[in-house]
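Presented below is the structure to which this report refers.
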Amino acid sequence: MDTEQKYSISQWEEPERIYADLKKLTSQPIYEISEEEHKRVLEHFDTKCAGSKRIATEAKNFIPGGVQHNLAFNYPFPIAMAKAEGAYMYDVDGNEYIDFLQAGGPTILGSNYPAVREEVKKLLDECGPVTGLLHEAELLLAKEINKHMPSVEMFRMLGSGTEAVMASLRIARIATGKKRIIKVGGAYHGWSDQMVYGLKIPGTRQFLESHGIPGSGYRLTDEVRPNDLKMLERMLKINRLKGGTAAVIVEPVGAESGTRPISFDYNKKALELAHKYGALFIFDEVVTGFRLGLGGAQGYFGVTPDLTVFGKVIAGGYPAAGGVGGLKKYAGLMAAGVATGKHRAYVGGTLAANPLSSLAGYLTIKEIEKTNACVKAGQAGDRLTAGLKKLVEKYNLPYVVYNQGSIVHLECTGAMSFDYSSFCLLKSVLGVLKNKPMVMERKVAMEHMGAAYMANGIVTLAGSRLYTSLADTDEVIDEALRRFEKVFATVVKTDKGLVK
Ligand SMILES: Cc1ncc(COP(=O)(O)O)c(C=O)c1O
């Protein structure tokens, strides 16, 4: 194992304690901010965020749901941002926030990092944002990725992580001649038809989010229980009777960015199992690539995947962040050109690999190397996690706190901690139906907590995840902890969140 302070994670925590604590959390009533505090929070938004309210109210008429992002904070209404810089965000009313959303993860250097911005500006002046033809920055980026992740012998840049996952599955099907794909329940691999299956809560298959997708879209997708190698092997065996598995795709620190943590040796063993049954092993490093370390999760876990999917940091927080790479024999199957005459995996994208995104990605990786950003962001994550754990203890709360370096999890309600994984469809459906009201109550409480954090100047990802960056100095983290304490001090035990 190669962990010598090159990676964001100082020590891997095996998942047993976390799963046990999450189970305890969901078998207790919800602890959330008191009703009086909730009223104060709503008042805060009404009086201090009038500009956001005006924009959000009008946006409802022109934008579906009033926001463009699934990760947008939208309770009691979305906050309109004016500026993101370093560790902070500022809304249109001039309120300042410590930013642990970090746009969902791409800004490992902190938002709008000056050294990258200045070069991007120059490129815009000299070249413009797009040419549609080859630009040297594409080569620089592909070589830079290969330097740090030798398994990525070739790299194709695409417009998003979603597209890159689609490409990786197509390659796997060509390479193996098989069709089925196994993913882990709860994992997010973008929103393509075949991957919106078993989203967020393991075992929910098509019942939670697959509306509008024909059954044929996910007919060849299977999900297995998180951190369960036995179930993975059983699924691989069953699939042999159905024509075989083309790929096993995993998120390296566990489904939904580590919300479903795994044992350290899970990835290595899952890879061995995939290969044993003739499937490719795909590492979806959209979140972990150049966040866990320059070597990505594959360097950290000592795993050589057949294909690696990239997104987020790959364009340094600039648009069109996606790509897939791997061993030449697989990645080479995406050969481009009007007609190659090859049996190839067809991929494309008008703005994919534009000079701006390619250069921003390349410079970002260079800056990560120069500043040791992944390790520093991980230290900030450790400090935040330790501080939150102390607060949870001080206020005697059942909350569960853990981190994988710069990915910090703060589970206050356990809304996402249920699991219906099973080979039996009926069992899953009954489980979902039985627990639906309790999950919904927990989701509402999670929104209340998220709103309280926001009113106290902390932006989180959906009230339960926090990404740290190079910009999160000790002072920033300590200030964030003071703000968290203000919220935790108002938390009370409710009678909600259990099956009645
Ligand atoms: C692990 C993982 N894979 C794929 C995606 C999809 O990437 P994108 O949002 O760029 O389409 C995401 C997005 O959050 C992700 O976290």
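Side notes on the structure shown:
- Some residue of the range 261-273 being away from the ligand (no atom under 16 Å from the Cβ), outside the structural domain of residue 419 (by TED's automatic domain parsing), farther than 30 Å from residue 365 by Cα and open to solvent by less than 10 Å² (accessible area, probe 1.4 Å): no
- Of the helices (runs of 4 or more DSSP H) entirely within the range 27-140, those holding at least 1 residues that are within 30 Å of residue 7 (Cβ to Cβ) and in contact with a helix residue (DSSP H, G or I) (Cβ under 8 Å, 6 or more places away or on another chain) occupy 114-126.
- Residues located in the range 65-83, provided they are open to solvent by 40 Å² or more (accessible area, probe 1.4 Å), free of Cβ contacts under 8 Å to residues at least 60 places away in the same chain and under 23 Å from the mean Cα position of the chain (by Cα): 65, 68, 69, 70, 74, 81, 83
- Residues located in the range 152-191, provided they are in a loop (DSSP other than H, G, I, E, B) and open to solvent by 10 Å² or more (accessible area, probe 1.4 Å): 153, 159, 160, 177, 178, 179, 188, 191
- Verdict on residue 97 being farther than 18 Å from residue 466 by Cα, in contact with a strand residue (DSSP E or B) (Cβ under 9 Å, 6 or more places away or on another chain) and in contact (Cβ under 8 Å) with a residue 60 or more places away in the chain: no
- Between 441, 485, the distinction of being open to solvent by 30 Å² or more (accessible area, probe 1.4 Å), touching a helix residue (DSSP H, G or I) at 6+ places or on another chain (Cβ under 8 Å) and of a type in the set (D, E, K, R) belongs to 485 only.
- Residue 479 in contact with a strand residue (DSSP E or B) (Cβ under 9 Å, 6 or more places away or on another chain), in a helix (DSSP H, G or I) and surrounded by fewer than 23 Cβ atoms within 10 Å (Cβ to Cβ): yes
- Residues of the range 10-47 that are among the β-branched types (Val, Ile, Thr) and more than 26 Å from the chain's Cα centre (by Cα): 33, 41, 47.
The values are calculated or read from the model by the stated rules, or taken from the named source; none is laboratory data. These numbers were taken from a predicted model, which means no experiment stands behind them. Glycine also receives a Cβ, built like all others from the backbone with ideal geometry; neighbour counts cover every protein chain displayed. Quick note on the areas: whole protein, heavy atoms, side chains included, nothing else; ligands and nucleic acids left out. Shrake-Rupley method; radii C 1.70, N 1.55, O 1.52, S 1.80 Å.
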